[in-house]
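Only one structure is covered here, and it is reproduced in the block below.
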Amino acid sequence: MSRRVLVGAAGVLAVVTTAVLSGCGAGGGAPAAGDDSITVLVEAGGHGELQPIADQFETDTGTSVTFVELPYDGLYNRLNSEFSSGSLSFDVAALDSIWLPTFAEALTPLDDVFTDEVQSDLFPALVTEAQVDGSFVGMPAWTNSEILYYRTDLFEDPAQQANFKAQFGYDLVPPTTWEQYADVAKFFTQDTDGDGQVDIYGTDVKGAVETEWLATLSQTGEKDMVVGDDGTVSLGDEDSLEALDFYTSLLPYAPSGAAQLDWAGSQNLFNQGQVAMMRFWAHAYKQIPADSAVAGNVGVMTMVGGPGGVAGVPGAWYLSVPAGTSKQEKALEFVQYAYDHNELSVDTDLGLASRISVLEQYQDKPGYENYKPLIDTLNAESTIPRPANPKWQEIVDSALIPMIQKAVVPGADNQKLLDDAKAQVESIIE
């Protein structure tokens, strides 16, 4: 999951005070090799996913786990600083997927852990993403993807169903294709009280994040997400234009202010009942407030598909072991244990896991309706990971998000925006 997801949609980040860091051993080197403890560096929004595993690990092995929590940017800076200096204060780190290529050379290879059995229980995109230069450097602890959210009270309303069929000639159902999504978004953009003002919109359009457009790009069947393994930049080609054209075609059916809309804003719009549908990360299903306007009336489906079929962008975080820790054996034991006991992350705030078998175990249970759409989206053939490029975050911040924000302004020239972004990306990676 990207920075903006974990920070914006997973809840309020913990405030890390000097006292907390000091108590977690954050100020100096890693604990001595003989200690029955390990230190895990983690982003505050994802700490909850690992705590039940750490508690059980201590019970079963006698090795305690101390967490050092940092905000997203602080975590990256800490990793960068300590890997550069060689003075480590941690034995395991939870890394955003896009950081694996950046820090790969400082990480212990996990090839022995990634047996055929392990790989068969992970989504193909995660197996690909966990490898840098042919070696596994991270074990997925949890994963995510956007899926389709829709209001069941609207979709199941007989009057809405009749009106939709009269207008479009087919039954009102949760959309599975771009064409259906556009039809439903147009239909549910309605003036419900007759005052001449739109009271509910069919969907939203997010301009301040890149991942939803990247999912749309993959739905065209594009095999290289922006940057290929050979460094070729695909922006400006037919697929990228088709994806951006569809993305912006939804603007008439979305609230104004798309250029500033991020994950938190989108989640609020849906929970307040202002949009009939949204494409959003699967974890949000269990975070809908009980007193929200849509509580009890939310359905979830597999992410919509384009010409290339269904596709989402995997949002995984990985457990990695620094090569410089003196506690290699204990750290690797914890990584293996976290995989073996992945089901302990299910009943947490995010409620996410990484193993297919764990998600399948819960997919038919009440309260876990988001799991089957998540499984199907992540297993889709067109779902691919973000590029294993150490400059990916710079590409996102300097080229992709500015391009999308300009594209969601009426009258934008999408082809020119893509061509300009391509030139920017090429200058970044040259």
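Data overview
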item: Isotropically averaged projected area of region 275-430, using the convex hull of Cα atoms (one quarter of hull area), nm²; result: 13.5 nm²
item: Interchain or long-range residues, amide H under 5 Å from PHE67's placed H; result: VAL40
item: Amide proton proximity set for TRP142, modelled H, under 5 Å, gap of 5+; result: TRP317
item: Per-residue ³J(HN,Hα) for region 133-148, Karplus 6.51 cos²θ - 1.76 cosθ + 1.60, θ = phi - 60°, Hz, x for Gly and Pro; result: 6, x, 10, 6, 10, x, 9, x, 8, 7, 9, 8, 6, 5, 9, 8
item: Computed over region 39-134, Cα set: Rg, Dmax in Å; result: 14.4, 37
item: Sparse-neighbour loop sites [chymotrypsin sites (Phe, Trp or Tyr not before Pro); region 162-196; at most 13 other C-beta within 10 Å; DSSP]; result: TYR170
item: Lysine pairs meeting the criterion (Cα under 21 Å, 8 or more apart or interchain), as found in the chain; result: 12
item: GNM top mover of THR128, THR192, THR177 - the chain, alpha-carbon springs below 10 Å; result: THR192
item: Contact order relative to length of the chain, as percent, for alpha carbon pairs under 8 angstrom and 6 or more apart; result: 25 percent
item: Kirkwood-type radius of the chain, with distances r between different C-alpha atoms, in Å; result: 22.4 Å
item: GluC sites (Glu not before Pro) restricted to region 82-159 and DSSP loop, no more than 13 other C-beta within 10 Å; result: GLU156
item: Note, ³J(HN,Hα) from phi for region 56-71, Karplus 6.51, -1.76, 1.60, rounded to Hz, x at Gly and Pro; result: 6, 4, 5, 4, 7, 10, x, 9, 7, 10, 9, 9, 10, 9, 9, x
item: Region 328-406: translational diffusion in µm²/s, Stokes-Einstein, Kirkwood Rh over Cα pairs, 37 °C, 0.692 mPa s; result: 210 µm²/s
item: CD proxy at 222 nm, helix term only [per DSSP H run n ≥ 4: -39500 (n - 2.57); per residue of the chain; nearest 500]; result: -11000 deg cm²/dmol
item: Other-chain or far-sequence residues with amide H under 5 Å of LEU122's (modelled H); result: ILE356
item: Most mobile listed residue (GLY305, GLY351, GLY62) in the chain, GNM with C-alpha springs under 10 Å; result: GLY62
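Every number here is computed from the coordinates shown, using simple stated rules; none is lab data. Predicted, not measured: the structure shown is a model, and the values here were computed from it. Quick reminder, even Gly has a Cβ in these numbers, built from the backbone with ideal geometry, and neighbours come from all protein chains shown.
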